[in-house]
Amino acid sequence: MTADQPRIVIIGAGHAGGSCATLLRQYGFAGSITLLGDEPVAPYQRPPLSKAYLKGDVGVDTLKLRPDAFYAQQNIDMRLGVTVTAIDPRAKRISIAGAVDEPYDFLVIATGARARKLPVPGADLRNVCDLRTLADADRLKAAIVAGGHVAIVGGGYVGLEVAASARSLGANATVIEREARVLARVAAAPLSEFFERYHRAKGVDIRTGASVTKLIGDASGAVEAIEVDGRTLACDAAVIGVGAHAADELARAAGIRCENGIAVDADARTSDSHIFAIGDVTWRPMPLYGNRMFHLESVPNALEQAKQAASAIVGRTGPAPEVPWFWSDQYDLKLQIAGVPFDTQTPVVRGDPANAKFAVFHMSQGRVLAVEAVNAIPEFMVGKQLIASGAVVDPARLTDTTIAMKQMVEQKAST
């Protein structure tokens with residue numbers, strides 16, 4: 001390493017930040033890399049926190065992206081349990097609580113998203129948990145006991161995953177959702193209806209159109225009940241899953257352009273040419289959707305933007321645009337989602353939800369923009385291809401299960 005090589009500082013040691021540091025080395029960058037994380041643990045996978053980790057199927061080492069020794073071996077200066085307090089774009093320096101300022105030539109912001117708080121009395125009681133970090137998952141794991149009761153505020157994917165995990169551990173679970181259906185903000189009605197029926201059949205108490213007015217604590221300061229529309233429901237733990245917002249406070253204070261997250265371009269570059277942002281903290285263009293700006297929260301998005309930023313820093317050609325995708329595991333169900341249903345028409349359903357194997361296609365002018373597939377891998381895989389190609393597909397062919405999904409791609413190739 002020579003003195004004229006640039007210094008890179010990455011704020012955030014999550015999936016995005018850890019991957020970016022690794023990719024920089026893979027792409028041949030030999031300069032200084034400093035990776036700063038506010039948690040006391042090396043970069044790890046977050047999706048299993050509400051599933052395999054919560055159930056005890058995997059341990060911490062399994063979650064980690066790389067062994068702890070990897071970062072030192074790659075000459076990555078990883079500092080954990082630190083808090084960055086400010087960014088000074090003019091001086092190209094960041095401030096760290098209790099430490100000297102850190103200079104940079106390029107800065108990568110990968111601070112992720114923060115859980116939204118429930119604005120009701122008692123939200124700060126013990127055993128009232130968010131589920132964004134390993135520490136959150138450990139607190140929740142300790143609070144879930146066989147025969148106990150977990151109240152889950154929010155019927156999104158994380159809430160339903162926690163309900164499924166709680167039931168597998170022998171605990172009772174109640175999901176409280178203020179909208180008229182679960183997954184109301186993130187999924188089509190047929191998918192919501194399917195998951196609600198499935199969870200009810202597994203013994204989950206689902207209450208839609210319901211509002212939490214307060215959480216009630218016992219003499220020790222732990223939650224013992226939750227008040228829903230004036231009625232009290234006893235519980236041993238409560239999980240708050242009412243969404244998240246981009247952790248873009250540092251960027252806003254530094255004068256970097258932010259909207260619904262830090263605004264970036266196709267290279268993950270911000271309004272400051274020496275500062276990049278990646279992962280859940282960003283407001284990014286969607287190349288497959290006319291470069292419409294959108295906020296994505298997913299591991300594939302974190303990895304894609306880590307590649308974009310690392311490529312731009314080293315002067316490498318950026319990666320080809322990827323179809324955004326997501327997944328959720330609940331009981332024996334594997335939900336896979338590709339694309340984003342911007343301005344789509346009535347969903348097209350392929351297969352029978354009663355058999356727990358079906359897909360919902362979201363279309364506009366004959367083109368597939370998104371697909372939600374339950375235990376339907378071919379529909380998910382081919383759906384991704386159709387989204388990427390922009391092919392025109394006959395909806396009637398999609399609904400006809402006698403036609404193999406691969407023929408949808410073959411139809412496109414022959415037209």
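The values are calculated or read from the model by the stated rules, or taken from the named source; none is laboratory data. Keep in mind it's a predicted model, so treat the numbers as computed, not measured. Methodologically, a virtual Cβ is constructed for each residue, glycine included, from the backbone with ideal geometry; neighbour enumeration extends over all protein chains shown. When the accessible area is computed, the model is the full protein with side chains, heavy atoms only, and any ligands, DNA or RNA have been set aside. Shrake-Rupley method; radii C 1.70, N 1.55, O 1.52, S 1.80 Å.
A few remarks follow.
- Under the criterion of Cα pairs below 8 Å and six or more residues apart, the relative contact order for the stretch 282-342 equals 22 percent.
- Under the combined filter of DSSP loop state and at most 16 neighbouring Cβ atoms within 10 Å, the stretch 240-330 retains these trypsin sites (Lys or Arg not before Pro): Arg257, Arg316.
- Additional length obtainable on full extension of the chain from Ala404 to Ala180, 0.36 nm per residue less Cα span: 77.1 nm
- Estimated vicinal HN-Hα couplings, Hz - the stretch 42-55 in sequence order (Karplus 6.51, -1.76, 1.60; Gly, Pro = x): 5, x, 9, 7, 8, x, x, 4, 8, 10, 4, 5, 4, 7
- Debye equation applied to the C-alpha atoms of the stretch 319-415, log10 I(q)/I(0) at 0.10, 0.11, 0.24 Å⁻¹: -0.23, -0.28, -1.34
- Working from label points 7 Å from Cα in the Cα-to-Cβ sense, the Val100 to Val41 distance is 3.3 nm.
- Full extension of the chain between Thr85 and Ala146 gives 17.8 nm of extra length, using 0.36 nm per residue less the Cα-Cα distance.
- Where both bridge residues fall in the stretch 1-88, DSSP classifies roughly 10% of the beta bridges as antiparallel.
- Nonlocal amide H pairs with Ala113, under 5 Å, H built at 1.01 Å: Ala247
- To put it simply, the accessible area of the chain at a 1.4 Å probe is 50 percent carbon and sulfur.
- Per residue, the chain reaches -7500 deg cm²/dmol at 222 nm when only DSSP H runs of four or more residues are counted, each adding -39500 (n - 2.57).
- Per residue solvent-accessible surface (Å²) - the chain, probe of 1.4 Å: 43 Å²
- Mean sequence separation of contacting Cα pairs (under 8 Å, at least six apart), scaled by the length of the stretch 318-401, corresponds to a relative contact order of 27 percent.
- Remark on Lys214: its backbone amide H falls under 5 Å from those of Glu227, a criterion applied only to residues 5 or more positions apart or on other chains, H modelled at 1.01 Å from N.
- Förster radius 30 Å - calculated FRET efficiency between Gln345 and Met293, Cβ distance, rounded to 0.05: 0.85
- For the stretch 1-41, the residues whose amide N sits under 17 Å from a probe point set 7 Å from the Cα of Asp61 along the beta carbon direction are 41.
- Computed label-point distance, nm, for sites Ser211 and Ala189 using a 7 Å Cα→Cβ extension: 2.4 nm
- Point-to-point label distance, Arg114-Asp394, nm (Cα→Cβ direction, 7 Å offset): 5.4 nm
- Extension gain for the segment Gln365 to Ser220, taken as residue separation times 0.36 nm less the Cα-Cα distance, is 46.3 nm to one decimal.
- The stretch 206-223 - phi-based ³J(HN,Hα) in whole Hz, Karplus 6.51/-1.76/1.60, Gly and Pro as x: 10, 10, 9, x, 10, 10, 8, 9, 5, 10, 10, x, 8, 5, 8, x, 9, 5
- Sparse-neighbourhood loop sites, trypsin sites (Lys or Arg not before Pro) in the stretch 10-93 - DSSP loop, at most 16 other Cβ within 10 angstrom: Arg90
- Here the chain is assigned +1 on the Cβ of each Lys and Arg and -1 on the Cβ of each Asp and Glu. Its dipole about the Cα centre then comes out at about 420 debye.
- Per residue Cα convex hull volume in Å³ - calculated over the stretch 179-229: 94 Å³
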